[in-house]
């Protein structure tokens, strides 16, 4: 498994757990507003971590960490993801998967094998705007299937959407709600342009006024157990 980064501690990425984050290299989407450019493109200057060094880290952190967040890039594009998650679980850690939902069969297989405890799925936009949001041909049927699988099989989960000017309007949040509700958690994230993005153009785009987003959230939050701007 190609590992492009390791955050040794996080208190916010896995609700209620002390976790680390492992960043896997590669993605099948090309979202122009993505801030993980080096991971997505497998930049030759990206410093990579040996898989065995990562698992040695987990061995040493037993009793200090509760969980491991597996993100990318897109973790489900890797055929090794099953063995990778299984090995983490065998060390006694909970596993959170961050995914774009493009590979529902992989998500389902991981869940049925009890290898995943929590999923965060990025719902990029209303289905009608997906191609613009992800920069490639939109696998909408697979996205829909992943939403259903996660709501049905996953022990705990969240959906999240980054709202980006020139791709979204704030009112698009309401359409996204129709695609996922009812659900446990829905987090809206305002676009940020303070890192080098996949498309340099979006570094010049000004984020939405957060007041506009909060107003829409107040109208849709009843569809979820937890819903807020993050």
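Readers should treat all values here as calculations from the given coordinates under stated rules, not as data from a laboratory. Quick caveat, the model's predicted, so the values are computed rather than measured. Note that we place each Cβ from the backbone using ideal geometry, even for glycine, and neighbour counts take in every protein chain shown.
Between the Cα long axis of helix 51-60 and the first principal axis of the chain there is an angle of about 80°, rounded to the nearest 10.
Between segment 1-47 and segment 97-157, the alpha-carbon centres lie 17 Å apart. Let's test the formula: R0 of 41 Å, r as the Cβ-Cβ distance of residue 52 and residue 132. What FRET efficiency results, to the nearest 0.05? E(calc), rounded to 0.05, equals 0.50. Just to verify a number: FRET efficiency for residue 209 and residue 8, C-beta to C-beta distance, R0 = 45 Å, to 0.05? About 0.80, to the nearest 0.05.
So if the hydrodynamic radius of the chain is defined as the Kirkwood radius over C-alpha pairs, what does Stokes-Einstein give as its diffusion coefficient at 25 °C and 0.890 mPa s, in µm² per second? Numbers along the way, then the final one.
On the way: Rh = 18.1 Å.
The estimated diffusion coefficient comes to 136 µm²/s.
Between residue 43 and residue 140, residue separation times 0.36 nm minus the direct Cα-Cα distance comes to 32.1 nm. The long axis of helix 210-220 is offset from the longest Cα principal axis of the chain by roughly 90 degrees. A P(r) calculated from all alpha carbon pairs of segment 1-125, with 5 Å bins opening at zero, reads 2, 11, 22, 25, 21, 13, 4, 1, 0 percent. Listed peptides 14-25, 202-213 appear in the order 14-25, 202-213 once ranked by packing, highest mean of other Cβ atoms within 10 Å at the front.
A crude spin-label estimate for the pair residue 152 and residue 64, with each label 7 Å from Cα along the Cβ direction, gives 4.2 nm. In the chain, helices alone account for a calculated mean residue ellipticity at 222 nm of -9000 deg cm²/dmol, with every DSSP H run of four or more residues adding -39,500 (n - 2.57).
For the chain, what's the relative contact order in percent, using C-alpha pairs closer than 8 Å and at least 6 residues apart? Kindly include the intermediate steps, with their values, before the conclusion.
Numbers: 447 pairs, mean separation 40.9, N = 230.
It rounds to 18 percent for the chain.
I'd like the FRET efficiency for residue 83 and residue 221, computed as 1/(1 + (r/R0)^6) with the beta carbon distance as r and R0 of 41 Å, rounded to 0.05. Intermediate values should be presented prior to the final figure.
Working: r = 39 Å, r/R0 = 0.95.
That pair, residue 83 with residue 221, gives E of 0.55.
Under a no-solvent Debye model with one identical scatterer per Cα of segment 69-176, what's log10 I(q)/I(0) at q = 0.13 Å⁻¹? Result of the Debye calculation: -0.48. For segment 26-67, the fraction of C-alpha pairs farther apart than 14 angstrom is 61 percent.
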